1. Per residue of region 343-355, what does 6.51 cos²θ - 1.76 cosθ + 1.60 with θ = phi - 60° give for ³J(HN,Hα)? Whole Hz please, x for Gly and Pro, Karplus curve as stated.
2. Between Glu605 and Asp425, 0.36 nm times their residue separation minus their Cα-Cα distance comes to what?
3. Could you size up the charge dipole of region 120-246 around its Cα centre, putting +1 on the beta carbon of Lys and Arg and -1 on that of Asp and Glu, and report it in debye to the nearest 20?
4. Order of 435-443, 579-587 by packing, highest average Cβ count within 10 Å first?
5. Per the Kirkwood treatment, what hydrodynamic radius in Å, one decimal, follows for region 1-107 from the mean inverse distance over all distinct Cα pairs?
6. What Kirkwood hydrodynamic radius do you get for region 393-528 when you take the inverse of the mean 1/r over all pairs of distinct Cα atoms, in Å?
7. For region 1-58, report the translational diffusion coefficient in µm²/s to the nearest whole number, using Stokes-Einstein at 37 °C, 0.692 mPa s, and a Kirkwood Rh over Cα pairs.
8. With +1 on each Lys and Arg Cβ and -1 on each Asp and Glu Cβ, how big is the dipole of region 324-479 about its Cα centre, in debye rounded to the nearest 20?
Amino acid sequence: MSKGTYYVTTPIYYPSSKLHIGHTYTTVAADAIARYKRATGYDVMFLTGTDEHGQKIETVAKAAGKTPQAFLDEIVGEIKDLWNTMEISYDDFIRTTEDRHKRRVQGIFMKLYEKGDIYKGEYQGMYCTPCESFWTDSQLKDGKCPDCGGPVQLMKEEAYFFRLSKYQDKLLELFETNPDILEPKSRINEMVNNFIKPGLEDLCISRSTFDWGIEVPIDKKHVIYVWLDALSNYITALGYPEEVDGKFAKYWPVDVHLVGKEIVRFHTIIWFSILMALGVPLPKKVFGHGWILLEGGKMSKSKGNVVDPVVLIERYGVDALKYFLLREYTFGQDGLFTNEVLLNRLNSDLANDLGNLVSRSVSMVEKYTGGIVPSPKESTAFDGSLIDTVTSASDKIDAYMNELNFSGALEEIWKVIRRTNKYIDETSPWALAKDPEKAPVLDTVLYNLIESIRVISVMIQPFLHHTSQAIWEQIGLKDGELTVWDTVTTFGLYPAGGTVQKGEALFPRIDIEKELEALEALSAAKRAEAAKANEKSESAPAKKPTAPFKPEITIDDFGKLDLRVAEITSAKAHPNADKLLILQLKVGDTNRQVVSGIAKYFDPEKLVGKKVVIVANLKPVKLRGELSEGMILAASDDETLALVTADIDDGCGVS
Ligand code: ME8
C-alpha cells in the first residue's frame, strides 16, 4: 500500500546550449529522492523539463540559422538523450512550448487578470540595443550595459504587471510562521532582508519587443514574459487550471522544488505570490542548493572550462558520476570541482570500499565453498556489531533523505560498507579456511558477508542503480522480493545455498596520475576549440538586432506634428558638444536654427543645400547654449542613420 504521494521538481532548463555538469546536479538529486521515495513506498511524481521562451532563445536560434522551434526540438532532444543516458527516472517532461502548457498559462493569466492582480502599465528601463536587454539603474556598470559595456538609452514600453507589491506583508508573515518552507534556513534571511523588507515592486510580466513567447490572451501584441510562464510549469504539468481533479488534486502541493541558489528568489517571492493570488496552496518546501564551481569560478562555455557530463560518463560510468555529485558536495553549499577530487573519491569509495568488498567476498565464497553460499553455523564475536550496523542504517538514511542531505545518507551506507570490510579483517576468513575445525565459523562469516552485501545493494539502489544490478548478478539474486527496501532491516534473508559468480570489477581502480594527464589533454583541446570559436565570433561583423519599436500612437497623435520641408543653408559644428551640429534652415520664407545630434554621421559641408523634413512645431529649447527651433527627421535602419530628404525643388511645405 502506498504511504502517500511525493512530488519533486527540478527547474526547467534553458535549452540555449548543451547542459554541463552543474545542470545535472539538480536532476541527479531529484532522481535520487524520487527513486528513494518510490523504493520506500510512495506514489511519486518527478517533473523536469525545458524553459523555451524569450529573446535569448530567439537570438541563439537565429544565429544558428534555424527557426526557434527547429533549434529547440534539436537541443531538447539532446537534453532528453542525456537524461536517458543518466537514467533519470522522471515521470513527466514539460516543454513550455507545448500546447498544454501554453493554454494553461493563458488560463492562469486570465485568472490573475480577472482578480485584478494583473494590470496594464508602462515598463521603463535603460535599454541596450545590441544585447536587447532592459537594465535597472543598479544593474548598469558606470552607466553602461553590464553585458557588452555599450551605451544604453531610456526606453518605455507598454506592459502588463503583476501586483507583487500586494503580497509583501503576506510573504513576511509566511517566512515568520513557516520557516520550514525554505531550506537552507540562511536563505530566509536573504529573502526577507535583501528583497522583501526593502520593498517589492510590481513585476513586469509581458513584453512587446519580441514575440517568441506565449501570447497574452487579451492583447495579441504582447507575450508573457519569463517567470509567469516558466514557474507555472509546476502546476500546468498537473493540469491546472483546466483539470484540477486529476493529477493536480493528487500531487499538489509539491513536496519540494529543488532549485539552484540564484533562483530561490523567483521560486519563493514571485512564485509564492502568484500562488497566493491564485488561491492555490503553497509548496511544502523550496530547497536552494549551492553551485559546483571550478578553480577559475563558474563554468562558462566561452572560457572552454565546461565539465561535460557525457565525457565523465563515458570514462567512469553513470553511477560513478551520480555518486560523486551526491556524496562529494553538501547539497545547500557551493563546492569545488577538480579532476583530482573526482578521481580520489571514485577510487576510495567506489573502487576500494564497495568494489573490493564485493570482489573479495565473492572470491572467497568461490574459493572456500565452491561458489555456494553456506548457511550460517557457529557465530563469531563480531557478528552482533556487524548485524547491528547493517540493520540500523535505514532509519538514519531516511532521516537524511527527508532533509535532502544526500551526502549524509550515502555516508551512512558507506559506514555499513566499511563495517563489513572491517568484519573481513576481524574474522580473517583465509586463516579460518586453513583449519577444517573452523569450517562452521567460516560458513557463518561467508554467509554474513553475502547477506550484508545484499542489504547494501538494496540501500544503494536509489543512487547507484546499475551497481545494484551488477551486484545481484554476482550474488545470484534477481530483482524481486529480496531486493526491496523493506528487507533492509531484517538480517538473514539471503537464501543459503545460493550461488555466486565473480563478474567484472564494479569500479576498476583508476591510475590517478595517468588519468589526470588524459583529462588535462582533453580540456586543453576544448579550450583551444573555445578560443577558436571566440576568435571567429569576434572577427565576424556582428549583425545588430532590431531595436524595439516604441508604443503605438494614434492618427490624432500623428496629426499634431507640423512637418515641413526645409533647406539647409549652413551647417557647422556646435562649439560645446561633439555630437551636435548647428543648422540654419530656410522654411518657406522664414529662417530658423535647429541643433541636431547628427555630427557623428554627417560632414556639415555636405549638408548644405539638402532639403530635409522638419518637425516645425516642436517647442524650442536651448541645447548647450544654442537655440533649437524644431527637429530635422532622421531614421535608423539599425546600422546607420539616414536623413529624411524631400524630393522637390520648390521648398513648399507639406503637412
Ligand atoms: O535558471 N552548479 O535555467 P538554467 C549547480 N530556466 N547548479 C547549476 C550550475 C552549477 N555550476 N549551473 C547551473 C533557469 N545550475 C530557468 C529556471 S524554473 C521555473 C526556470 C543550475 O538552465 C541552476 O542553479 O539557467 C538552476 O537551478 C538550473 O541549473 C537551471 O539553470
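1. 5, 5, 5, 5, 5, 6, 8, 8, 5, 6, 5, 7, x
2. 55.2 nm
3. The calculated dipole for region 120-246 is roughly 400 debye.
4. Peptide ranking by packing, descending: 579-587, 435-443.
5. So the Kirkwood estimate lands at 15.0 Å.
6. Taking the inverse mean of 1/r over all distinct Cα pairs, region 393-528 comes out at 17.4 Å.
7. Approximately 256 µm²/s, per Stokes-Einstein.
8. Roughly 320 debye for region 324-479.
The values are calculated or read from the model by the stated rules, or taken from the named source; none is laboratory data. Computed from a predicted model, the values in this text were never measured in an experiment. Note that we place each Cβ from the backbone using ideal geometry, even for glycine, and neighbour counts take in every protein chain shown. Ligands, DNA and RNA are excluded from the accessible area calculation, which covers all protein heavy atoms including side chains. Shrake-Rupley method; radii C 1.70, N 1.55, O 1.52, S 1.80 Å.
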